[in-house]
Amino acid sequence: MRKVWVIGGAAVALGMGFVMLLVVGVYLVAGNLLGGVASGGRGLAKGAVPAAYTSLVQKWGNLCPALSPALLAAQLYQESGWNPTVVSPADARGIAQFIPSTWATHGIDGNGDGKRDIWDPDDAIPSAASYDCELAKYVKDVPGNVSDNMLAAYNAGAYRVIRAGGVPAISETQNYVQRIRSLEKSFAAPVTRIDPTRQAAGAIAFAQSRLGTPYLWGGEGTAAQGGRFDCSGLTKAAYEKVGISLPRVANDQYNAGPHPSRDQLLPGDLVFFSDDLTDSRAIRHVGIYVGGGYMIDAPRTGAVIRFDPIDTPDYFGATRVTEDGAKALPTSV
């Protein structure tokens, strides 16, 4: 739930005008944007990595050419969702999800305190980067993309990658590589314009059709709920209408694609709000951008789905939702 921002009738009328021009506007802009998301950038998107780990990821993500800060961040997010205390059913532990036997061989004392602690992100994050780069050396002569082969080796073992001459035909391993490479775009600071998506107009059309609907905490628009939504329930339903499945809560939705800057926003982008502008895990509100500085959102109990301005002190950033980005998100983080 976010702070209440009241807008006048004139602003609402302007917002309606933006939506009326939406379909034409999205695709006119699409025709003028060339390039797309750049791969392999060394910088991190603002707030994508929790502030407690940003400097570690930035430093150790540059350990070798096969790795980048965004790729390391995507791998850690996929493994643990930034949870340093999580334990998997296979007994993988901590933020980097090391099996104890692997840690015994490959864990390092990243913070120089004389201990190698599998639970301490100051050790585990450097260890993940060190292990990645060690694997990259093992597979450096294997045909194909060295970063893909490195990730495949992390999942399936270097010997399988070498024997297969690339990412092996193991569905778990292929999916692991694809998910992390897709998530990488969500953690990288874009270095070029980001392509528009063809689903944007449909998502906004759905949200527009719900204008005036009363807010419901936990609402997902079901008949039993009277068709009411909360903020992330609305955005999830809007993108499901165009065939993209998003996570249920706002802070997980943030990683469903790359992050355009404020001056690169396009209708259909998800816009996010937080009291902590350094950590995407603290996001507490989301809306759908419609242009001209306004979004459609479900703001709070007692209010209705409406147009609200986005240029407020708690504006965190935006995500351009992509099919691959949404599919790559962990089922639970």
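Output the peptides 214-226, 86-98 sorted from most to least packed, where packing is the average of other Cβ atoms within 10 Å over each peptide's residues. Before the final figure, lay out the partial values.
On the way: 214-226: 14.5, 86-98: 17.2.
By packing density, highest mean first, the sequence is 86-98, 214-226.
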**Request:** Would you mind counting up the charge near T197? Only other residues with Cβ under 11 Å from its Cβ, with Lys and Arg at +1 and Asp and Glu at -1.
**Result:** -2
**Fill in**
Row for the stretch 133-197, column shape: gyration tensor on C-alpha, a ≥ b ≥ c, rounded if a/c < 1.5 i.e. under 1.5, prolate if a/b over b/c, else oblate; value prolate
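Compute the orientation-averaged projected area for the stretch 72-190 from the convex hull of its Cα atoms and round it to one decimal in nm².
Working: hull surface 30.4 nm².
In nm², the orientation-averaged hull projection of the stretch 72-190 is 7.6.
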**Mean separation of Cα contacts under 8 Å, 6 or more apart, over the residue count of the chain: relative contact order %** = 21 percent
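Please sort 72-79, 178-185 by packing, taking for each peptide the average over its residues of neighbouring beta carbons within 10 angstrom, highest first. Please list the in-between numbers first.
On the way: 72-79: 26.2, 178-185: 22.6.
Packing proxy ranking, top to bottom: 72-79, 178-185.
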**Accessible area of the chain belonging to carbon and sulfur atoms, whole % at 1.4 Å probe** = 56 percent
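Highest mean first, how do 310-323, 279-292 rank when packing is the count of other Cβ atoms within 10 Å averaged over residues?
Values: 310-323: 19.6, 279-292: 23.2.
By packing density, highest mean first, the sequence is 279-292, 310-323.
Taking only protein heavy atoms and a 1.4 Å probe, what accessible area per residue, in Å², does the chain have with all protein chains in place?
For the chain, the solvent-accessible area averages 42 Å² per residue.
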**Request:** Would you mind checking the stretch 89-104 for residues with the amide N under 14 Å from a putative spin-label position 7 Å along Cα→C-beta of E172?
**Result:** 89-92, 99
**Asked** Rounded to the nearest 0.05, what FRET efficiency is calculated for K241 and R262 with R0 set to 25 Å and r the Cβ-Cβ distance?
**Response** 0.45
**Message:** Treating only the Cα positions of the chain as identical point scatterers, give the base-10 log of I(q)/I(0) from the Debye formula at each q in 0.07, 0.11, 0.13 Å⁻¹.
**Reply:** -0.31, -0.72, -0.95
**Message:** Over the Cα atoms of the stretch 275-333, each weighted equally, I'd like the Debye log10 I(q)/I(0) at q = 0.17, 0.30 Å⁻¹, rounded to two decimals.
**Reply:** -0.73, -1.25
**Fill in**
If each part is reduced to its alpha-carbon centroid, the stretch 188-243 and the stretch 278-333 end up apart, in Å, by 9 Å
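For an R0 of 25 angstrom, estimate the FRET efficiency from the Cβ-Cβ distance between Y138 and R248 and round to the nearest 0.05. Write out the running numbers ahead of the final one.
On the way: r = 39 Å, r/R0 = 1.57.
Calculated value: 0.05.
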**Prompt:** Considering only protein heavy atoms, what is the solvent-accessible area of S55 at a probe of 1.4 Å, reported in Å² to the nearest 10?
**Reply:** 90 Å²
**Message:** Translational diffusion coefficient of the stretch 180-333 at 25 °C, 0.890 mPa s, Stokes-Einstein with Kirkwood Rh over Cα pairs, in µm²/s as a whole number.
**Reply:** 162 µm²/s
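The values are calculated or read from the model by the stated rules, or taken from the named source; none is laboratory data. No experiment lies behind these values; they were computed from the predicted model shown. All Cβ positions, even for glycine, are placed from backbone atoms using ideal geometry, and neighbour counts span all protein chains on display. The area values use the complete protein model at the heavy-atom level, side chains included, leaving out ligands, DNA and RNA. Shrake-Rupley method; radii C 1.70, N 1.55, O 1.52, S 1.80 Å.
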